[in-house]
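Input: a single structure, listed below in structure tokens.
The values are calculated or read from the model by the stated rules, or taken from the named source; none is laboratory data. Just so it is clear, the structure is predicted and the values come from calculations on it, not from any experiment. Here the Cβ positions follow ideal geometry from the backbone for every residue, glycine too, while neighbour counts run over all protein chains shown. Side chains included, ligands, DNA and RNA excluded: accessible areas come from the protein's heavy atoms. Shrake-Rupley method; radii C 1.70, N 1.55, O 1.52, S 1.80 Å.
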Amino acid sequence: MQTVLEGERAIPVHGPYDVAVAGGGTAGILAAIAAARAGASTILLERGGFFGGHIATQLLEHSAGWYDANGQKVVGGLPDELVERLKQAGGSPGHVTDDTGYTRMRLPVEHELFKSVVVEWLDDEGVQVMPQSPVAAAIERGGLLHVICETKSGRVAFAAKAAVDTTGDADLCARAGCDFHPMDALQPVSMLFKLGNVDHEAALAYVSAHPEDFKMEAGFPDFSGRSHYNLWGYGSLLRKGREAGLLSLDRNEMHVACHVHSREAVINVTRFAADATDTFAMARAEVALRRQVREFTRFFREMIPGYEKSFLSATASCVGVRESRRIRGVSTLMDDDVRKGRWFTDAVARGGFPIDSHDAHGNSMDGTEHVPAGYDIPLSVLLPESGPNIIVAGRNISAERRALASARITGTCMAMGQAAGTAAALSALGNMPLRQLDVSALQDRLRRDGAIFEAGGPAQRG
């Protein structure tokens, strides 16, 4: 490949801040607010034009991971404050039962309201927000990490004593020279879309007449009078759609999250095999997924009862990613840690969602396992084993693939974000490297702020 040399240039530096958070998704929002609450001057850098991560960019069907299989709450603290803000704004009914029985509870969210609620909350907490600021480089100078972003004003550096990488793809860690686990297999990327003008009465009549076509592990629910419901199935109609030549993608199931009052439904069915860190692969994914969206929109109108007069009302603003870079951490969250509900002495958050792994090349999942109880997420899996003063939260943690397939869910990411932001603030304000933090002091602060974790006990490791 040909190359071109770029000349040296002076980059303006803003700061120093105590904490810089890169990535304005669910983990990043909670990390920035936690850092600010702890007294740190904080800036939140986001590559897109708004904040909210997959809930906002992907029209995510709902937020999950807040309760384990036993109905025990595993996420609390600042994420609970977000739920209350959403409820007060009319952006969510709060936690509702998962109709499919896949998990215990889910949190439906009005996507457009979510964008405004989170950015107002960030502003209320004194967090400086910088949208349209993707990370381009990272340089350590004079005891500070300079996070360099490619902005509309050109390259700008934001200097900070501690940084949090919540980019999902670990972009900051990659620019800073951290090490990663091999990416030998990846879940597919996707693009969710929303259909409007849905006749939910007719749609539910079909569901009631064909219960065998849907996964209802908790028993067939009563849908009457509901403002939200969700379905996992439609396998027989998907087969017919493919046989009729309407669908080029072979799927044997899909997830449909329905908003009754607005006559809408969010559809999770598309997929494409791509490495999210390869810009050319993501360009191909964009084209392929938008073709799939058009095919499925037509398929719904022609073959799904209740959707005969529906229309494509929204699509995700970018390709959605389930899995990409995972840092090589001080320790690694193992698959059996999740399966066996292990507790850790350095626990800072807790998970409990099923192991949920999608097959990039097949027509369904390549791994679904119910997790019998909640499990701890230790501080050591959020810390890169080498590199500058960075901590991570979200799907870029140090984890085996099946463990990540559970921990990547939004509720868990919010809990990790609160832990990482608090840790970064304590590091910056105490002039103590993140890898040398007093774990007990961090845990005390997190508990005071409502975070949930066990930190010792049965099935303990670490």
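Could you run through the range 99-142 and say how many residues are among the small types (Gly, Ala, Ser), farther than 25 Å from Asp169 by Cβ and modelled with pLDDT of 95 or more? Spell out the reasoning first.
Going residue by residue through the range 99-142, those that are among the small types (Gly, Ala, Ser) are 101, 116, 126, 133, 136-138, 142.
Within this subset, residues satisfying the condition of being farther than 25 Å from Asp169 by Cβ are 101, 116, 126, 142.
With modelled with pLDDT of 95 or more added as a condition, the list becomes 116, 126.
Matching residues across the range 99-142 total 2.
Please identify the pairs in which a residue from the range 200-215 that is in a helix (DSSP H, G or I) has its Cβ atom under 8 Å from the Cβ atom of a residue that is β-branched (Val, Ile, Thr) and open to solvent by 20 Å² or more (accessible area, probe 1.4 Å), counting only partners at least 6 apart or on another chain.
So the pair list comes out as His200/Val260.
Asn252 is checked against (1) touching an Asp or Glu at 6+ places or on another chain (Cβ under 6 Å); (2) under 30 Å from Ser224 (Cβ atoms) and fails just one. What number does that condition carry?
Asn252 satisfies all of (1) touching an Asp or Glu at 6+ places or on another chain (Cβ under 6 Å); (2) under 30 Å from Ser224 (Cβ atoms) except (1).
Any residue in the range 5-25 that is more than 16 Å from Gly126 (Cα to Cα) and in contact (Cβ under 8 Å) with a residue 24 or more places away in the chain sitting within a Cβ distance under 7 Å of a residue that is open to solvent by 50 Å² or more (accessible area, probe 1.4 Å) and outside any loop (DSSP other than H, G, I, E, B)? List the pairs, counting only those 6 or more apart or interchain.
Ile11/Arg155; Gly25/His54
Sort out which residues of the range 262-291 are surrounded by fewer than 21 Cβ atoms within 10 Å (Cβ to Cβ) and in a loop (DSSP other than H, G, I, E, B), and write them in order of number.
Ser262, Arg263, Ala273, Asp275, Thr277, Asp278
Taking Gly352, is it touching a residue at least 60 places away in the same chain (Cβ under 8 Å) and under 18 Å from the mean Cα position of the chain (by Cα)?
Values: touching a residue at least 60 places away in the same chain (Cβ under 8 Å): yes; under 18 Å from the mean Cα position of the chain (by Cα): yes.
Yes, satisfied.
Inspect the range 85-98 for any residue being closer than 30 Å to His14 by Cα, touching an Asp or Glu at 6+ places or on another chain (Cβ under 9 Å) and assigned to a helix (DSSP H, G or I) and give the result as yes or no.
Here is the first cut: in the range 85-98, the residues closer than 30 Å to His14 by Cα are none.
The answer is no; no qualifying residue exists.
Could you count how many residues in the range 1-44 are crowded, with 20+ Cβ neighbours inside 10 Å and more than 14 Å from Ala423 (Cα to Cα)?
9
Within the range 317-328, work out how many residues are open to solvent by less than 10 Å² (accessible area, probe 1.4 Å) and either without any contact (Cβ under 8 Å) to a residue 12 or more places away in the chain or among the small types (Gly, Ala, Ser) (or both).
Of the residues in the range 317-328, 2 are open to solvent by less than 10 Å² (accessible area, probe 1.4 Å) and either without any contact (Cβ under 8 Å) to a residue 12 or more places away in the chain or among the small types (Gly, Ala, Ser) (or both).
Give me the pairs: first residue in the range 73-100 and free of Cβ contacts under 8 Å to residues at least 24 places away in the same chain, second residue assigned to a helix (DSSP H, G or I) and crowded, with 20+ Cβ neighbours inside 10 Å, beta-carbon distance under 6 Å, and six or more apart or on different chains, which are they?
As it stands, the answer is Ser92/Leu86, since those pairs meet every condition given.
If you go through the range 83-109, how many residues are within 30 Å of Cys149 (Cβ to Cβ) and surrounded by 15 or more Cβ atoms within 10 Å (Cβ to Cβ)? Give the steps one after another, and end with the answer.
Taking the range 83-109 and keeping what is within 30 Å of Cys149 (Cβ to Cβ), we get 85-86, 89, 91, 109.
Filter once more, keeping what is surrounded by 15 or more Cβ atoms within 10 Å (Cβ to Cβ): 85-86, 91, 109.
Residues meeting the conditions: 4.
So is Met130 surrounded by fewer than 23 Cβ atoms within 10 Å (Cβ to Cβ), farther than 18 Å from Gln418 by Cβ, within 20 Å of the chain's Cα centre (by Cα) and in contact (Cβ under 8 Å) with a residue 60 or more places away in the chain or not?
Values: surrounded by fewer than 23 Cβ atoms within 10 Å (Cβ to Cβ): yes; farther than 18 Å from Gln418 by Cβ: yes; within 20 Å of the chain's Cα centre (by Cα): yes; in contact (Cβ under 8 Å) with a residue 60 or more places away in the chain: yes.
Criteria met by Met130.
Kindly indicate whether Ser427 is out of contact with any helix residue (DSSP H, G or I) (no Cβ under 6 Å at 6 or more places or on another chain), within 29 Å of Gly143 (Cα to Cα) and not in a strand (DSSP E or B).
no
Given the options Gly245, Gly241, Gly235, Gly219, name the one that is crowded, with 19+ Cβ neighbours inside 10 Å and more than 30 Å from Asp171 (Cα to Cα). Give the steps one after another, and end with the answer.
Numbers: Gly245 fails: crowded, with 19+ Cβ neighbours inside 10 Å; Gly235 fails: crowded, with 19+ Cβ neighbours inside 10 Å; Gly219 fails: crowded, with 19+ Cβ neighbours inside 10 Å.
Just a single option satisfies the conditions, and that option is Gly241.
Which one is farthest from Tyr102 (Cα to Cα), of the residues in the range 353-367 that are touching a helix residue (DSSP H, G or I) at 6+ places or on another chain (Cβ under 8 Å) and buried (at least 17 other Cβ atoms within 10 Å of the Cβ)?
By that ranking, first place goes to Ser357.
State all residues of the range 216-253 that are within 22 Å of Gly94 (Cα to Cα), of a type in the set (Ser, Thr, Tyr) and assigned to a loop (DSSP other than H, G, I, E, B); if no residue qualifies, say none.
Ser224, Ser227
Filter the range 425-458 down to the residues that are open to solvent by less than 50 Å² (accessible area, probe 1.4 Å) and at pLDDT below 95 and list them by number.
Once the filter is applied, which keeps residues that are open to solvent by less than 50 Å² (accessible area, probe 1.4 Å) and at pLDDT below 95, the range 425-458 yields Ala455, Gly456, Gly457.
Please pick out the residue among Phe114, Phe51 that is in a loop (DSSP other than H, G, I, E, B), buried (at least 20 other Cβ atoms within 10 Å of the Cβ) and of a type in the set (Phe, Trp, Tyr).
Details: Phe114 fails: in a loop (DSSP other than H, G, I, E, B).
Testing whether each residue is in a loop (DSSP other than H, G, I, E, B), buried (at least 20 other Cβ atoms within 10 Å of the Cβ) and of a type in the set (Phe, Trp, Tyr) leaves just Phe51.
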